[in-house]
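Enquirer: Got a structure for you, questions after.
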Amino acid sequence: MTQWKCGLLKRMAMSLFLSIILLANVIPVQAGEDTEPQQLYAQSAVLMDADSGRVLFSKEGDVEKAMASTTKIMTCILALEEGVMQDVVTASSNAAKQPRVRLGVQEGEQILFEDLLYALMLESYNDAAVMIAEHIGGSVEGFAKKMNQKAMQLRLSHTYFITPSGLDAQDENGSHHTTAKELALIMKYCIMDSPKANEFLQITGTASHTFSNLEKTKNYSCTNHNAFLQMMDGAFSGKTGFTGDAGYCYVGALRNGERTFISVVLGCGWPNNKNYKWVDTKKLMQYGIDYFQYKDVWKTPNLSTVVVENGISDTDPFSSIGYTELEIEQDIGELQLLLAPWEEVEVKEEIPKQLKAPVTQGDIVGSIQYLLQGDVILELPIMVKKSVSKINFQWFFQNITKKYFLGC
């Protein structure tokens, strides 16, 4: 082969290589095994958009499982909403005999309610959980009832609380359990929606807290065991958990720019594999950061004037056709959704071309739906903007009179 031909082949090969590189850069990212978190240790896992509550990734996310001390996020938010920070709480014999992990209170010992919340969330103390529960609910059972009522308010149909601590338990209604998805929704409520969200974040984001009992006979020091707060930039809240039934569990929250992610892992290894939960959580959070961005998907609807059959016209007194305009309940102007490159929003418009009189201002006559993966994420009613009456005998009489007797 001549030197000229050899050089030509080299240039052709280089050109082909560069073309492949350029083509690869414009091919859209596809969902699948190459993008989703791989080889998770957790039996159940979820990544959620904290703003919308939409699940971005799920592995057995709807399977009911024990959740150990991640239960305490519900205990904490309920206590914040119904308790008073400066209340004095007295330890009962039941609280004093709780199993490890515990603060070590003695029966009759008194501690401020606020200090118990730090002991609950930083050290996950079970006796603190019982003291809080008995103070708010009158008993552990009374507080569990409140927890389940809150779960119902949040429309959680696969969550059932028996204990405020998350210790494995069963009663006549079943076992203490939730799902990864519903635990993420509880966390969303705690950090985004609750009127006590700021207080919840203050407690769960605190590195350490020291306090004394009211008798000044004991000093206590609590250190936050949520190691994920130092593992990734933007991590700001969360709760660990472990029991024999639940395995290692974790629910956490991370903020990256305008995006806020919640991750949950349940059944994420058993001793001696306590670090699996951190490995999985980082994978889930990084997946959200790498692939999901906000995109404006709003489309302004074309709502033209609509014919109203047998309607009284404003402009032609002898016409039996009226006209009205349509409007949407709220022209939001933009709709920002957290989407991956492979996700597309479908817009379905049900806009009538003609109506029958009578129609009244505010009547709902159609809708606009925004769907993602078949689920309706937004529905806006289309309403009548102006009332149009139906032609009747009085209308006929007046128009015949005008036309034939008055010459109008």
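Enquirer: When the residues of segment 348-376 are filtered to those that are surrounded by 16 or more Cβ atoms within 10 Å (Cβ to Cβ) and among the hydroxyl-bearing types (Ser, Thr, Tyr), which remaining residue is farthest from residue 36 (Cα to Cα)?
Expert: The extreme case among them is 367.
Enquirer: Criterion first (surrounded by fewer than 17 Cβ atoms within 10 Å (Cβ to Cβ) and in a strand (DSSP E or B)) does residue 379 satisfy it? Explain how you work it out, then say what you get.
Expert: Values: surrounded by fewer than 17 Cβ atoms within 10 Å (Cβ to Cβ): yes; in a strand (DSSP E or B): yes.
Yes: the conditions hold for residue 379.
Enquirer: Still on this structure: Report whether or not residue 304 is surrounded by fewer than 13 Cβ atoms within 10 Å (Cβ to Cβ), more than 28 Å from the chain's Cα centre (by Cα) and either part of a helix (DSSP H, G or I) or on the phi < 0 side of the Ramachandran plot (or both).
Expert: Criteria met by residue 304.
Enquirer: Surrounded by fewer than 23 Cβ atoms within 10 Å (Cβ to Cβ) and modelled with pLDDT of 95 or more - does that describe any residue in segment 122-129? Please lay out each step first, then the result.
Expert: Filtering segment 122-129 for residues surrounded by fewer than 23 Cβ atoms within 10 Å (Cβ to Cβ) gives 122-123.
Next, from what is left, pick out any that are modelled with pLDDT of 95 or more: 122-123.
Looking for residues that are surrounded by fewer than 23 Cβ atoms within 10 Å (Cβ to Cβ) and modelled with pLDDT of 95 or more, one finds at least one in segment 122-129, hence yes.
Enquirer: Could you identify the single residue in 282, 299, 295, 277 that is farther than 30 Å from residue 76 by Cα, touching a residue at least 40 places away in the same chain (Cβ under 8 Å) and not in a strand (DSSP E or B)?
Expert: Values: 282 fails: farther than 30 Å from residue 76 by Cα; 295 fails: not in a strand (DSSP E or B); 277 fails: farther than 30 Å from residue 76 by Cα.
It is 299.
Enquirer: Can you pull out the residues in segment 245-266 that are closer than 21 Å to residue 167 by Cα, of a type outside the set (A, V, I, L, M, F, W, C) and assigned to a strand (DSSP E or B)? Steps first, answer last, please.
Expert: Initial filter on segment 245-266 (closer than 21 Å to residue 167 by Cα): 245-252, 264-266.
If we keep only those that are of a type outside the set (A, V, I, L, M, F, W, C) too, we end up with 245, 247-248, 250, 252.
Residues satisfying the conditions are 247, 248, 250, 252.
Enquirer: Name the residues in segment 189-208 that are of a type in the set (D, E, K, R) and without any contact (Cβ under 8 Å) to a residue 40 or more places away in the chain, would you?
Expert: Once the filter is applied, which keeps residues that are of a type in the set (D, E, K, R) and without any contact (Cβ under 8 Å) to a residue 40 or more places away in the chain, segment 189-208 yields only 193.
Enquirer: Counting only residues that are assigned to a helix (DSSP H, G or I) and among the β-branched types (Val, Ile, Thr), which one in segment 168-217 is surrounded by the fewest Cβ atoms within 10 Å (Cβ to Cβ)?
Expert: Taking segment 168-217 as the starting set, the residues that turn out to be assigned to a helix (DSSP H, G or I) are 180-193, 197-204.
With among the β-branched types (Val, Ile, Thr) added as a condition, the list becomes 186, 191, 203-204.
Working: 186: 25, 191: 23, 203: 20, 204: 26.
Among them, the one singled out is 203.
Enquirer: Here's another thing I want to ask about it. So which residues in segment 317-347 are at pLDDT 80 or above, open to solvent by less than 70 Å² (accessible area, probe 1.4 Å), outside any strand (DSSP E or B) and more than 14 Å from residue 380 (Cβ to Cβ), if there are any at all?
Expert: Hits for segment 317-347 are 340, 342, 343.
Enquirer: Limited to segment 257-273, what total is found for residues that are exposed (fewer than 15 other Cβ atoms within 10 Å of the Cβ) and either more than 30 Å from residue 368 (Cα to Cα) or in contact (Cβ under 8 Å) with a residue 40 or more places away in the chain (or both)?
Expert: Step one: filter segment 257-273 for residues exposed (fewer than 15 other Cβ atoms within 10 Å of the Cβ), giving 257-258, 270-273.
If we keep only those that are either more than 30 Å from residue 368 (Cα to Cα) or in contact (Cβ under 8 Å) with a residue 40 or more places away in the chain (or both) too, we end up with 257, 270-273.
Summing the residues that are exposed (fewer than 15 other Cβ atoms within 10 Å of the Cβ) and either more than 30 Å from residue 368 (Cα to Cα) or in contact (Cβ under 8 Å) with a residue 40 or more places away in the chain (or both) in segment 257-273 gives 5.
Enquirer: Hey, another quick one. Return yes when residue 269 is in contact with a Cys (Cβ under 9 Å, 6 or more places away or on another chain), of a type in the set (Gly, Ala, Ser) and not in a helix (DSSP H, G or I) and no when it is not. Break it down stepwise before answering.
Expert: Numbers: in contact with a Cys (Cβ under 9 Å, 6 or more places away or on another chain): no; of a type in the set (Gly, Ala, Ser): yes; not in a helix (DSSP H, G or I): yes.
Here the answer is no, as residue 269 does not meet what is asked.
Enquirer: Can you find even one residue in segment 299-307 that is in contact with a Lys or Arg (Cβ under 8 Å, 6 or more places away or on another chain) and at pLDDT below 95? First the steps, then the outcome.
Expert: Taking segment 299-307 and keeping what is in contact with a Lys or Arg (Cβ under 8 Å, 6 or more places away or on another chain), we get 306-307.
If we keep only those that are at pLDDT below 95 too, we end up with 306-307.
Among the residues of segment 299-307, at least one is in contact with a Lys or Arg (Cβ under 8 Å, 6 or more places away or on another chain) and at pLDDT below 95, which makes the answer yes.
Enquirer: Would you pick out the residues in segment 96-116 that are buried (at least 18 other Cβ atoms within 10 Å of the Cβ) and either closer than 15 Å to residue 166 by Cα or charged (D, E, K, R) (or both)?
Expert: 98, 102, 109, 114, 115
Enquirer: Give just the number: which of (1) part of a helix (DSSP H, G or I); (2) buried (at least 21 other Cβ atoms within 10 Å of the Cβ) does residue 141 not satisfy?
Expert: It is condition (2) that residue 141 fails.
Enquirer: Right, here's the next one. Test residue 71 against the criterion of being polar (S, T, N, Q) and either outside any loop (DSSP other than H, G, I, E, B) or touching a Gly at 6+ places or on another chain (Cβ under 7 Å) (or both), and give yes or no. So that I can check it myself, show each step before the final result.
Expert: Numbers: polar (S, T, N, Q): yes; either outside any loop (DSSP other than H, G, I, E, B) or touching a Gly at 6+ places or on another chain (Cβ under 7 Å) (or both): yes.
Yes.
Enquirer: Now a separate question. Open to solvent by 50 Å² or more (accessible area, probe 1.4 Å), of a type in the set (Phe, Trp, Tyr) and either part of a loop (DSSP other than H, G, I, E, B) or at negative phi (or both): is that true of residue 242 in this structure?
Expert: Values: open to solvent by 50 Å² or more (accessible area, probe 1.4 Å): yes; of a type in the set (Phe, Trp, Tyr): yes; either part of a loop (DSSP other than H, G, I, E, B) or at negative phi (or both): yes.
When the stated conditions are applied, residue 242 passes them.
Enquirer: On to the next question. Looking at segment 361-395, which of its residues are under 21 Å from residue 306 (Cα atoms) and more than 37 Å from the chain's Cα centre (by Cα)?
Expert: Those that are under 21 Å from residue 306 (Cα atoms) and more than 37 Å from the chain's Cα centre (by Cα): 386, 387, 388, 389, 390, 391, 392.
Enquirer: Follow-up. Can you tell me which of (1) farther than 27 Å from residue 355 by Cβ; (2) touching a strand residue (DSSP E or B) at 6+ places or on another chain (Cβ under 8 Å); (3) open to solvent by 20 Å² or more (accessible area, probe 1.4 Å) is the one residue 281 doesn't meet?
Expert: (3) is the only condition that residue 281 fails.
The values are calculated or read from the model by the stated rules, or taken from the named source; none is laboratory data. Everything numeric in this text was worked out from a predicted model, so none of it was measured. Note that each Cβ is placed from the backbone with ideal geometry, even for glycine, and that neighbours are counted across all protein chains shown. In case anyone asks, the SASA skips ligands and DNA or RNA and just uses the protein heavy atoms, side chains included. Shrake-Rupley method; radii C 1.70, N 1.55, O 1.52, S 1.80 Å.
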